[in-house]
Amino acid sequence: MHDFLDELPITDESPIDLTKSTCPTREERLSVAVNAYYGKMSDLVKDTREHNVVQPERCFEQSGNCLLALNAQRLISIRDSVLLFHSPIGCAAGQHSSHELFQHIPLEQGRPADLGFFHAVCTNLTEKDVVYGGIDKLIAALKESDRRYSPKAIFLVTSCAAGIIGDDIEGAVNAAQPHVRAKIVPCHTEGFRSRVTQTGYDAFWHGVLKYLVKKDLPRQKDLVNVTNMFSYTWMDKIELQRLLNKIGLRVNFVPEFARVEDLEIMGSAAVTAPVCPTFADYLMRGLKEHFDVPYFKEPIPFGVKKTDGWLRKVAEFTGKEKEVEELIKEEHAKYMPQVDAIRAELEVTRKRFVAAGLKKENEKLTAIGSVGQGRVIGHAAFLEEIGMSVIGACTIDYDSLIADAFDALVKEVGDFVVLVSTFQAADYSSLFSRLKPDLTLQAPFKGSVIKSAKAMGTIHYLRGDNHPSRTQAGYAGAVAYGNMIVRTFKNDALTKLIGRLGDEPYKAWWYDADPMYFVKDRDKIFKSPDLVKIDGAPVHALDHEHDREHAHAHNGHGHDHGHSQDREHGHSHNGHAHDHGHTHEHGDGDGHTHVHDHVPAAAGAKENA
Amino acid sequence: MSATELTLAQQREEDDRIAALDPKERPLLETPRHTCAMGGVFATASAIPGVLPILHSGGGCGWANFFGFIGASGGGMLGDSGAMMTPCTCLLEKQVVFGGEERLRDQIRSTYELMNGDLFVVTGGCIPALIGDDVESVVNEFRGTQDRPIINVKSSGFSGTSYDGYELFLGAVIDQFLEPRPVKKGVVNILGVQPCQQIYWKGDLGEYERILNSVGLEVNPIFGSRASVENLRRIPEAELNIVISPWQGHATAKKLEEKFGTPYFVYPGTPIGPIETERFLRQISERLAVDNEAVEESVTKDKALAYADFGYIANVLYMGFCSTPFAVVADSNIAIGLTRYLTNECGLLPTIVVVTDNPPEEARQLITDRLTKELEGVVVPDVFFENDTYLIQRKLDNCSFQLLFGSSMEKYVAGPRYLAGHHTVSFPAFDRLILRRTYTGYGGGNALLEDVLSKFSRPF
C-alpha cells in the first residue's frame, strides 16, 4: 500500500562507540524516536520515512515510566550479580519483590537453584549526599556489595538525583574497581535522560558490551544468543530452548534468567536472535560491530507463522537449514490441529456474536493489544493468524528501528490505528472506548479500559509464570496464548462487573475525546481529524448499549464541569469549541458510533505556551 | 579490602560495624521496608477516596512506588488515583535545565479539566527539589480561585522515607486545608496507622472503629473506602486524637493540638487479643469519660466471644506449638502487638524481635519496654532496630526459632536457612492479599492463629 516509500530507506546506522561512558539516547541516535502518536499505522511509517514524525509536548501526563525503573526490572534477574541503585531509596522500591519472583518455580521445572536469590541494594541518597555529592558513598557501596555477596558483576544503575548532582560515575567505578572482585558495569539510566524508555536498555547493553563481553573467545557455532524480555516467561524459555535443542543448537538466554557468564560469552555465539528487536537492538549491533556476531531483527517467535520464520532465520546463521524444515514439519503436525481448533472455537464465538446481533455476518472479531514495539509485530500477525482482525495497537514508544517491520505488518494484515503512549492510562481509556474492540488486551492497572471492554484478556504473562498455559513464544506459546483468547470470550461476568463499579477517574467527555487531546499544537502535529476511521474497520451494534451507558454517565457527572474556569487559566480551545453539550452523534441508528465528526480541538494552543 | 580476605569472624565484625551506623551513613541499604517520602505521600493521599495526587516528578517514580509500595502492601491498588492513572509531570532533561514550573502549571490545569477529584495534592520528587522549582508559587496560582481545593506537600525522594510521607501529607492538610470546627463530643480520629506501610490498615481501622463504637464513640474515618475529603475536613471536630503507634502520627497529633487544641492519646503498639484490647479500651474510656456500664458490657461480651472462639483451636495450638520459640521482623506496631499476644496469651517464647520501621531514637526505649516488660514467662526477646534485609538475616542467624513472623521478604529464607515456618505480618506482603483481615482487637489473635495454624496444622 505504501510501496513507493520503500525508496525512502531509514538510515539510522550509527556506530556503537564503546569508548564513550554510555550510549546516545534514542532521540539522539535515531531519526525518529517518540512516545506520543495517534493515527494510522501506515501514516506513522510514511511519516517516519519522510522524517516527518514530531515529538509532541503533552500538557497532561500520568504516571509513566523511566529508564531506571524499566531497566532495573530486567537486570534484577541476572543471577550471581548485585543490582546497585545509585539513588534515593524510592527508585529501588520497585525491586522490593525481587526475592519472590522465581523461587516458587520448582527445581524439577529446570529452575537453577540460584535463580531467585537476588540482591537489590541502594546508596540511599539523602539530603546530605545531594549537597556534598554521593561519590564516596557510591564507592563504599560498590565495596560493600562485593563483601556481602561476592557477585560476579555489579550492575550500577543511576537515578535522576545522581545525574543532577553531577556525580562522576566513571570516576567512582575506576576508584572502586581495584578493590572489588566483581566486574562493575555502570548503566546510565537517569530517568530524565530520554522520554523513550528503551534508551535505558541501550545504556545497559552499552555497559555489558563495554565491561562484560569477552573478546577473542573461540566461535561456538551451535550457540544462539536469545534476548528475552521480562514479559516472556519461564515457559517461553523452556519452549524456545526445546525448539532450538531439537536442531542441535544451544540457547544463551540473556538477560533474564542469565548468569553473568552468559553475558560474557555472547561474543562467541553464532547469531543473536531477538524476541523483541528494539529491546535488543543496541546489543545486537554492538555484538556485530565489535565481536562479529551476526543478528537479525525479525521475525520474532510469536504465533506459528512467525515462529517458522524465526527458526528459519536462526537456521540460516547456524547451517541448520535442512534440520529446521524437518523440525517445522514435526511441530506443525503436532500443533496445527490445536491452532485449527482455536480458530474453530473463535468462529463459534463469532457466530454467537452474529446471532446476538452484535456483529454482521461477514465481520471478524476485532482486537486491540500490544505493549512494546516488538509485541505489536507479534500480536497483530498472530491475531490475524487465528482469524481475528486487528483494529488497533498500543506501544509504549516508537522509533525508526521498527519502521520497516511495521511497514511489512501493514502490508501483511492491513492498516490499523496505532497509539504510542508510555503507559498513559487516559490515552488507553480513550482509545479503547472509541474503537470498542471485541477483545481488549491491556493490563487493567494501565487505565480504566476494562470499563468499556467487552472481553478482556491478558496482554502478556510475566517471567515468573511457570504453567504451560502461560507460554507465549514458539508453537506451544501460540496454542497457549490462543487458548487464553478463546477462554476470554467464554465468560465475561468479571468484565461486566468491573465495568459497573463506580470508581471513575475521568470526566465523561474524555471517552469521546481524542487520545492526543492534551497535546500542544495537536492540530498541527496530527493532521487528520478523523483518525479513527480505518477503511473496512467493522462497527458494532453493541455500541448502542455502550452509548446509552455513556449518555447516562454524562448526565450523572453533569456537563458543565467548569470549562469557563479552565478558560480563566488561559486554556483556550481553538477550532470549534469543546462543547460538552454533545453535538457528536451517539447511537445514530446504523451502528456507526464513536466515529465522530466532532473531534474536540486540542487543548494545545496555550496563550502562555 | 575485598571479601575473600576476610574470615567469617571478620565478616561478622564488619556486619556489626555497619549495623551500628546511622542508616543514612551506611554505604548502602538493601531492600528496606519503606520507600521515599514522595512515595509515602502518594500512597497516603491515594488512600482517601476523592483525593487526587499530582506527582511533580520523573515518569518512573509513580511506577516504582505503585509496584514497590502500594502493590507491596497486600492489596493490588488504591482506587484509580493510586494506580497508574495518577497525574504526573514526567519531567525530562528540558525541565531539569529550564525548570519544571511551566510543566506543572500545564499539568494542574489539564488535570482539573480531565480528572475527578475533591482535593488535589501536588507532591514533588527529586527533580523539582534539586533544580529549585518554586512549586509553592505555582500551586498558589490555583488556590482559592475555584471550587477545586489544592495543596502542596513539600517532599522529595531524598529528604525522607515513606513514614515521613504520612506526616508530610497530613501536615500539609492541616496547614493548608483544614479550618477550625466546633468540637463534637465523642468524636475521635485514629492516627498512626499508615495506609500501605502497615499492611492490615484497612481492617485495623475498621476494628478500632467497631470497638470504639461499642462504647458510644464515633470514629471519623480518614483513610479507606469509607473516608472522603469531607472526613478530612472533620478532623478538627474530634474530642481526642488516638495515636496507635509508639512514634508514628505523633508529629501530626502535636500539630493538631497546636492548631485546634485537640488533645491526643498514644497507645504504643497494635492491641492484639483480649488482654491488650481491654487495656486499650479502658485507657481510652478514662480519657473520654465514657459510660462505665457500656465499657463493662462491651468488654464482657467481646472477651467471652473471643475466648469461646479460641477454645475451638486451643488444642491445635497446644499440640502443634506449645512453648514454641518465635521470631518477629515487623514494624513497631505489629511487633509489639504480636509479641505481647503470642507471649502473654499463647505461651509462646519470644526469642528475637527485629523492629523494621526505623523509629526515632526517643521512641526506642518505649518500644523496647513494650517488647520486653510485663511479659508472661521468663523469656525476654532480644530487640534490634534494623531495616536492611541482609543485616536482618544476620541478626536472625544467631537465633533459634520455629516460627518466623516477618515480611514476605523472609518467606524464602525462613525454611532453608532457619528451618522455621513463616507467616507474613509486615510490609512488604507480596504473598498475601489483605482486605478486611486484621489481627487487631479481641478476636484479632484468633485470626492470627487461624492464618498461621492453617499453614502448619497436621493430621494426628
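For a straight C-alpha distance cut-off of 19 angstrom, the lysines reachable from A:Lys40 (same-chain residues fewer than eight places away being disregarded) are A:Lys411, A:Lys436, A:Lys524, A:Lys527, A:Lys533.
With the charge dipole of region A:455-523 set up from +1 on Lys and Arg Cβ and -1 on Asp and Glu Cβ about the Cα centre, the Cα lying farthest toward the positive end among the listed residues A:Gly499, A:Trp510, A:Thr471 is that of A:Thr471. Close amide H partners of A:Tyr295, meaning residues 5 or more places away or on another chain with modelled amide H under 5 Å apart, are A:Thr272. Positive contributions from Lys and Arg (+1) and negative ones from Asp and Glu (-1), summed over other residues with Cβ under 14 Å from the Cβ of B:Ser400, come out at 0. Within chain B, DSSP assigns beta bridges of which about 5% are antiparallel (rounded to the nearest 5). Entry note, the protein assembly as shown: the mean residue ellipticity at 222 nm calculated from DSSP H runs of n ≥ 4, each adding -39500 (n - 2.57), is -12500 deg cm²/dmol after division by the residues and rounding to the nearest 500.
Sorted into 5 angstrom bins from 0, the C-alpha pair distances of region A:1-156 split as 1, 7, 12, 12, 13, 13, 12, 11, 9, 7, 3, 1, 0 percent. Evaluated with a Cβ-only charge set (Lys, Arg +1; Asp, Glu -1), region B:314-456 carries a dipole of roughly 360 debye about its Cα centre, given to the nearest 20.
At q = 0.12, 0.17, 0.18 Å⁻¹, what log₁₀ I(q)/I(0) does a Debye calculation on the Cα points of region A:169-317 give, no solvent, two decimals? Taking Cα atoms of region A:169-317 as identical point scatterers yields -0.51, -0.98, -1.08.
With Cα atoms defining each centre, region A:345-372 and region B:96-126 are spaced 41 Å apart in the structure. Of the residues B:Cys322, A:Cys66, ranked by 1.4 Å probe accessible area with the largest first, the sequence reads B:Cys322, A:Cys66. Here the protein assembly as shown is assigned +1 on the Cβ of each Lys and Arg and -1 on the Cβ of each Asp and Glu. Its dipole about the Cα centre then comes out at about 1960 debye.
Cross-link partners for A:Lys320 among the aspartates and glutamates, with Cα-Cα distance under 19 Å and sequence neighbours closer than 8 places in the same chain left out: A:Asp222, A:Glu239, A:Glu298, A:Asp308, A:Glu330, A:Glu331. In terms of Cα atoms, the Rg and Dmax of region A:251-363 work out to 19.6, 60 Å. Computed from phi, the 3J(HN,Hα) profile of region A:229-244 under the Karplus parametrisation 6.51, -1.76, 1.60 (θ = phi - 60°) reads 9, 6, 8, 9, 9, 4, 5, 5, 4, 4, 5, 5, 5, 4, 5, 6 Hz, with x in place of Gly and Pro. With 5 Å bins beginning at zero, the pair-distance distribution over Cα atoms of region B:187-287 amounts to 3, 13, 24, 29, 21, 9, 1, 0 %.
Taking the Cβ of A:Glu256 as the centre, find all other residues whose Cβ is under 9 Å away and add up their charges (Lys, Arg: +1; Asp, Glu: -1). Residues near A:Glu256 contribute +3 overall. Suppose we look only past 28 Å in the calculated P(r) of region A:67-212. What percent of the Cα-Cα pairs does that tail hold? It works out to 15 percent of all Cα pairs. Across the accessible surface of the protein assembly as shown, with the other protein chains kept in place and a 1.4 Å probe, carbon and sulfur atoms take up 53 percent. Taking only the alpha-carbon positions of region B:314-456 and ignoring solvent, what does the Debye formula give for the base-10 log of I(q)/I(0) at q = 0.16 Å⁻¹? After summing over all Cα pairs, the log10 values are -0.80.
The lysines within cross-link reach of B:Lys255, meaning a Cα-to-Cα straight distance under 30 Å and a gap of 8 or more places when in the same chain, are A:Lys128, B:Lys24, B:Lys154, B:Lys184, B:Lys185, B:Lys202. Diffusion of chain B by Stokes-Einstein, at 37 °C in a medium of 0.692 mPa s and with Rh set to the Kirkwood radius over alpha-carbon pairs, works out to 142 µm²/s.
Summary value for chain B: 17 percent relative contact order, contacts being C-alpha pairs under 8 angstrom separated by 6+ residues. DSSP finds beta bridges in the protein assembly as shown, and of those with both partners inside it, around 15 percent are antiparallel. Considering only B:Phe69, B:Gly165, B:Leu52, the residue lying farthest towards the positive end of the dipole of region B:37-176 is B:Phe69, judged by Cα position with unit charges set on Cβ. Pairs of C-alpha atoms in the protein assembly as shown farther apart than 51 Å represent 22 percent of all such pairs.
Value of Rg to Rh for region A:138-212, rounded to two decimals, is 0.98; Kirkwood radius and Rg both from alpha-carbon coordinates. Within 14 Å, Cβ to Cβ, of B:Phe260, how many net charges do the neighbouring residues add up to if Lys/Arg are +1 and Asp/Glu are -1? Residues close to B:Phe260 contribute a combined charge of +1.
For region A:339-465, the percent of C-alpha pairs falling in each 10 Å distance bin, counted from 0 to the bin holding the largest distance, reads 13, 43, 35, 9, 0. Using a cutoff of 8 angstrom between alpha carbon atoms and counting only pairs six or more residues apart, the relative contact order for region A:67-212 works out to 30 percent.
Taking the Kirkwood radius as the inverse of the mean 1/r across Cα pairs, report the Rg/Rh of region B:1-153.
1.13
For region B:187-287, the relative contact order comes to 29 percent (Cα pairs under 8 Å, sequence separation of at least 6). Once each part is reduced to its C-alpha centroid, what is the distance from region A:442-492 to region A:203-251 in angstrom? The distance from the Cα centre of region A:442-492 to that of region A:203-251 comes to 26 Å. Each residue of region B:381-393 was assigned a 3J(HN,Hα) from its phi angle through the Karplus expression (A = 6.51, B = -1.76, C = 1.60, θ = phi - 60°), giving x, 6, 10, 10, 10, 7, 10, 8, 4, 5, 6, 4, 5 Hz with x at Gly and Pro. Can you give the % of DSSP beta bridges in region B:314-456 that are antiparallel, to the nearest 5? Of the beta bridges lying entirely in region B:314-456, close to 0 percent run antiparallel.
The values are calculated or read from the model by the stated rules, or taken from the named source; none is laboratory data. All of these numbers come straight from a predicted model, not from anything done at the bench. All Cβ positions, glycine included, derive from the backbone under ideal geometry; neighbour counts span all protein chains shown. Quick note on the areas: whole protein, heavy atoms, side chains included, nothing else; ligands and nucleic acids left out. Shrake-Rupley method; radii C 1.70, N 1.55, O 1.52, S 1.80 Å.
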